[in-house]
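The values are calculated or read from the model by the stated rules, or taken from the named source; none is laboratory data. Everything numeric here is computed off the predicted structure, so don't read it as measured data. Because the Cβ atoms are built from the backbone with ideal geometry, glycine has one as well, and the counts that use them run over all protein chains shown. To get the accessible areas, we keep the full protein, side chains included, count just its heavy atoms, and leave off ligands, DNA and RNA. Shrake-Rupley method; radii C 1.70, N 1.55, O 1.52, S 1.80 Å.
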Amino acid sequence: MENEHLLKATENFVKSVLEGESSGHDWWHIHRVRNLALMIAKSEGADLFVVELAALLHDIDDWKLIEAGGEEQKTKTWLRNCNVGENVAERICNIIEGVSFKGAGVNTSTNDIECKALQDADRLDAIGAVGIARTFAYGGNRGRGIYDPEIQPEMHTDFENYKKSNAPTINHFYEKLLLLKDQMQTKMGRNLAEQRHDFMILFLNQFYDEWNGKLL
Ligand code: NI
């Protein structure tokens, strides 16, 4: 398949898999991440085809969705069915593997420029106003509470404990979202993260003020 056709077919495939997804990993997340990743990839001189294909497929086998009842290995099977060469397929799977956040104390930095572009794009979509909306959608989807002042945030140093966490959604800001700004791996990612980060701080301050009755 030619690159352009492969991308279009993959887009349709991903749309069909993520249809009705309600934990913040729906098609529109993929759409935003693809656009951000391409923008960053251009500014970094990365391989645009590889970045776009990886962006489209990056959440198809995500552990969060698999734990919620999905199957593994959809990415590999799809690429094989499209007759994508083994090298490219492996490259895509490696990039996707490197993208996921695995806990506050787990290092996921990379030297791979295509992976950097996608990782920054995915993390930008996890912060700011969209990030806030997605975080509460995810929490609700997993049956988590909104906030409990008696449960303190935890800095997870290994992926297994991070995965098991069932803390209220507000804790997720401290366990992940507020840390992302300083983990951006490209210049553009760092610039775009600043404003989104500040907006989350603004949101949290207002949230606590309302919670504590300071705005009466
Ligand atoms: Ni994602």
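Points to keep in mind about this one:
- Shape of the stretch 165-216, Cα gyration tensor, a/c cut at 1.5: oblate
- Of the DSSP H helices in the chain, those whose Cα atoms cover at least 15 Å axially and whose Kyte score averages -0.5 or more: 3-18, 27-44, 86-99, 113-124, 128-141
- Inverse mean reciprocal Cα-Cα distance (Kirkwood Rh) of the chain, Å: 18.0
- Average accessible area per residue (Å²) across the stretch 3-211 - probe 1.4 Å, nucleic acids and ligands excluded: 49
- Working ranking of peptides 21-30, 205-214 by packing, defined as the average number of other Cβ atoms within 10 Å per residue, highest first, is 21-30, 205-214.
- Rolling a 1.4 angstrom probe over the stretch 3-211 with all protein chains present gives an accessible area of which 49% lies on carbon and sulfur atoms.
- Most tightly packed first, judged by the mean number of other beta-carbon atoms within 10 Å of their residues, the peptides 97-104, 120-127 read 120-127, 97-104.
- The stretch 100-216: C-alpha gyration tensor shape, a/c 1.5 cut-off, then a/b vs b/c: oblate
- Separation of alpha-carbon centers, the stretch 67-127 and the stretch 172-204, rounded to whole Å: 21
- Vicinal HN-Hα couplings computed from phi for the stretch 105-112 (Karplus, 6.51 cos²θ - 1.76 cosθ + 1.60; Hz; Gly/Pro x): x, 9, 6, 10, 6, 9, 9, 7
- Cα coordinate range in the stretch 1-49, projected on the principal axes (Å, largest first): 35, 26, 8
- Proximal charge balance of Ile113 [Cβ under 10 Å; K/R count +1, D/E count -1]: -3
- Diffusion coefficient, µm² s⁻¹, Stokes-Einstein with Kirkwood Rh over alpha-carbon pairs of the stretch 1-100 at 20 °C and 1.002 mPa s: 156
- Relative contact order (%) - the chain, alpha-carbon pairs under 8 angstrom, separation at least six: 21
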